[in-house]
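The values are calculated or read from the model by the stated rules, or taken from the named source; none is laboratory data. Owing to the predicted nature of the structure, the values given are computational and were not obtained by experimental measurement. Note: ideal-geometry Cβ built from the backbone for every residue, glycine included; neighbour counts use all protein chains shown. Each accessible area value is taken on the protein alone, full model and side chains, heavy atoms only, with ligands, DNA and RNA left out. Shrake-Rupley method; radii C 1.70, N 1.55, O 1.52, S 1.80 Å.
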Amino acid sequence: MPAQDFPRSPFIEIRVQAEAFKPGEELDRWCALSNGAGAIASFVGLVRDLNLGDQVSALHLEHYPGMTHKALNLIAEQASAKWSLTAVTVIHRFGDLIPTEPIVMVMTSSAHRGDAFSACEFVMDYLKTQAPFWKRENTSSGTHWVEARESDLQAAARWENQP
Amino acid sequence: MITVRYFASLREAVGQDIEYFNYGEDVQTVRAVLDFCRAQSKQHAEALSITKVLRAALNQTLTSLEAQVADGDEIAFFPPVTGG
């Protein structure tokens with residue numbers, strides 16, 4: 001189906017919150033809201049209980065309150081410009097989290113699965129390198145800030161050569 | 001006036017999360033603001049050392065160090081992000 005059949009501006013929902021969320025409930029709500037979408041792709045990121053061999057007992061997530069929402073909204077808009085989407089949502093937590101808790105959820109809605117899948121992956125890749133969040137882990141070997149990974153930069157860079 | 005904010009490991013290394021500086025004509029780019037901050041103290045110089053990889057935001061948007069700064073702007077310096 002050609003792109004012009006879709007609304008020019010898809011519905012974008014950005015939530016940055018300290019409170020826990022339930023991915024199942026979010027997906028149910030999104031399905032009920034998905035006006036005209038035939039496909040929803042979703043991604044849920046969980047707090048790791050092991051990182052580089054160390055047992056993680058707690059995670060603190062710092063963010064830049066004035067910028068976070070703006071940065072996530074920009075990423076959702078960039079995804080909307082690249083693919084035919086009816087809706088994009090990003091939910092991201094901050095503050096104190098415990099291992100295995102959901103930390104991030106992205107849902108992308110489209111008429112067909114291809115655009116929804118690609119956009120969901122793009123949003124996560126850009127979020128990992130552009131959204132102002134920083135993780136500090138408590139592990140068996142002490143408390144430390146998590147280092148950025150080169151593989152995340154490469155994952156984000158691969159979208160730049162695509163039309 | 002220019003507002004400068006620091007986050008995460010950089011905030012801890014500098015020892016504060018926010019600073020206010022009078023805007024001057026000689027500080028026209030984000031890079032010049034960074035140099036100005038480095039000159040504040042030995043702790044600043046170490047925290048913001050050129051050997052560290054850092055990112056900058058101008059008015060809550062990621063920016064290059066060459067971006068122009070105006071009176072009233074908010075500039076932030078922080079390490080590469082690690083969310084998601």
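Tabulated results
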| item | result |
| --- | --- |
| Scope the stretch A:119-132; condition open to solvent by less than 40 Å² (accessible area, probe 1.4 Å) and among the polar types (S, T, N, Q); matching residues | A:T129 |
| Test: residue in the stretch A:91-106 that is open to solvent by less than 50 Å² (accessible area, probe 1.4 Å) and in a helix (DSSP H, G or I) | no |
| Condition check for A:L33: over 18 Å from the mean Cα position of the chain (by Cα) and aliphatic (A, V, I, L, M) | yes |
| Residues (open to solvent by 60 Å² or more (accessible area, probe 1.4 Å) and under 18 Å from A:H63 (Cβ atoms)) located in the stretch B:1-10 | B:R5 |
| Residues satisfying the stated conditions in the stretch A:52-83, i.e. open to solvent by less than 20 Å² (accessible area, probe 1.4 Å), away from chain B (no Cβ under 14 Å) and not in a helix (DSSP H, G or I) | none |
| Residue selected from the stretch A:133-154 under the condition assigned to a strand (DSSP E or B) and within 12 Å of chain B (Cβ to nearest Cβ), by the criterion most open to solvent (accessible area, probe 1.4 Å) | A:T143 |
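Table: residues versus (1) over 25 Å from B:L54 (Cα atoms); (2) within 10 Å of the chain's Cα centre (by Cα).
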| residue | (1), (2) |
| --- | --- |
| A:M105 | yes, yes |
| A:L127 | no, yes |
| A:K135 | no, no |
| A:A148 | no, no |
| A:Q154 | no, no |
| A:A157 | no, no |
